[in-house]
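Encoded as structure tokens, the structure appears first; notes follow it.
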Amino acid sequence: MQTIDVNLPHDTYAIHIARGLLDRLGEITREATPHDRAMLVMDSNVAEPHGVIAARALESAGYAVVTRELVALESRKTLSTVQGMYEAMLAAKLDRTGPVIALGGGVVGDIAGFAAATYLRGVPVIQAPTTLLAMVDASVGGKTGVNFPLPADDAGRSELGKNLIGAFWQPRAVAIDPQVLVTLDQRGFRCGLAETVKHGVLADVSLLDFIAEHAAAIAALDMDVLEELIVRSVRIKAAIVEEDERETGRRALLNLGHTFAHVLEPIEALDLRHGEAVSIGMCAAAHCAVETNRMTSEEAGRLRGLLRRLGLPTGLPREVDAEALIDTMGYDKKVAGGKLRLILPRGLGAAEIVDDLDRSTLEAAWAAVEPGTSGGGG
Ligand code: GLY
């Protein structure tokens, strides 16, 4: 088992990574928070077999386990789902010391984490991610929350704004079992790979080399390689969170590609999942970096090549209204003092926060990922 400690000013917790770790979830939970009653919150898609294994492991460690299944859709990541959780927690007589264990992807981790952060002013949460994306990103760092309707437009229509209501609530422990990835769908798996590439781009070019060298083994779910990939990726995220838990500075770098991605994800006709949108967003950000002399076009090409090799899109599947998207980017939380804040790579292996991009650079970046361009169509 590999363990990465996250050392924060008021808190330290361990991220454990090992094959078969789900069988030891009870032990890990007990080490982190020794009580007798636990709530296991799981994505209904992983109830069999992972939920059964997790419940058995918790029971063997002496917990009375109450389970709750959630439908893991962004559209269900709302306050009313959290209210349902509070009701279940009260009915289960979960007290202030009883842990919540989140078994699932980012949606489940965010909802269960937020409910744990706010129920009785906060109960312990253990994150047990079952998607690669949640393993290398969402389960680490304590961001929890739900989506919330944006103000209605003139026609009275309102969309859900992503993660607008939430709290920083660090887990007591994170238990990552790469073995569970064998049941993850290929598309979901590739989405997680996009976040590992993001970590390499912003902090460690040797991680990009590792991914390129082992692309075939990764696709074949070689467990040794996957474990190494997760460890290296989580180390990068944990180090950034240690430096800047509340995202007052460096943690914002983890949003590389996300300001573009967040405006693409709600467009139903594009049918993009988060990691796919981040992949395209990173290509758009790389284009901005080339235009502003932060990156060479060879480096941007290498990034696109790697994403393609992993089966990720580097351009839009169909045309979009770039001007409208640039306006919508203003709704994103990463708008500082009225200026659009973007994260741009600086070469490969470093990134920076940029506040002064011209609109024309953004227009060029969207054009660079349009269908039919070198980035687009894939
Ligand atoms: N996913 C970005 C962060 O945790 O800060």
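Computed from the coordinates by the stated procedures, all read-outs in this text should not be read as laboratory data. What you are looking at is a predicted structure, and each value in this text was computed from that prediction instead of being measured. Don't worry about glycine lacking a Cβ; one is built from the backbone with ideal geometry, like all the others, and counts go over all protein chains shown.
Some points to look at:
- A cut-off under 13 angstrom between Cβ atoms defines the neighbours of N45, and their net charge, with Lys, Arg +1 and Asp, Glu -1, is -3.
- Rounded to the nearest 5, the antiparallel percentage of DSSP beta bridges internal to segment 126-230 is 75%.
- Under 5 Å, built H, 5+ apart or other chain: amide partners of G142: none
- Hz values of 3J(HN,Hα) by residue in segment 84-95 - Karplus curve (6.51, -1.76, 1.60), Gly and Pro given as x: x, 5, 4, 4, 5, 5, 5, 4, 7, 6, 6, 9
- Calculated [θ] (222 nm, deg cm²/dmol) that DSSP helices of n ≥ 4 give over the chain, each run adding -39,500 (n - 2.57): -12500 deg cm²/dmol
- Peptides ranked, highest mean first, by Cβ atoms within 10 Å: ranges 255-267, 278-290: 278-290, 255-267
- Around L21: net Lys/Arg minus Asp/Glu count, Cβ-Cβ under 13 Å: -3
- Spherically averaged projected area of the convex hull of Cα atoms, the chain: 17.5 nm².
- Highest mean first, the peptides 132-142, 66-76, 318-328 sorted by other C-beta atoms within 10 Å per residue fall in the order 132-142, 66-76, 318-328.
- If you take all other residues with their beta carbon under 15 Å from the beta carbon of E370, and give Lys and Arg +1 and Asp and Glu -1, the sum is -2.
- Here the 3J(HN,Hα) profile of segment 126-142, calculated from phi with Karplus coefficients 6.51, -1.76 and 1.60 at θ = phi - 60°, is 10, 9, 10, x, 10, 10, 4, 4, 6, 5, 8, 9, 4, 7, 10, x, x Hz, Gly and Pro shown as x.
- Look at where the Cα atoms of segment 194-262 and of segment 128-165 average out, and the two centres are 20 Å apart.
- Tensor-based shape of segment 226-378 (alpha-carbon gyration tensor, a/c under 1.5 rounded, otherwise prolate or oblate): rounded
- The alpha carbon gyration tensor of segment 70-122 gives principal lengths a ≥ b ≥ c with a/c of 1.5 or higher and a/b greater than b/c, which makes the shape prolate.
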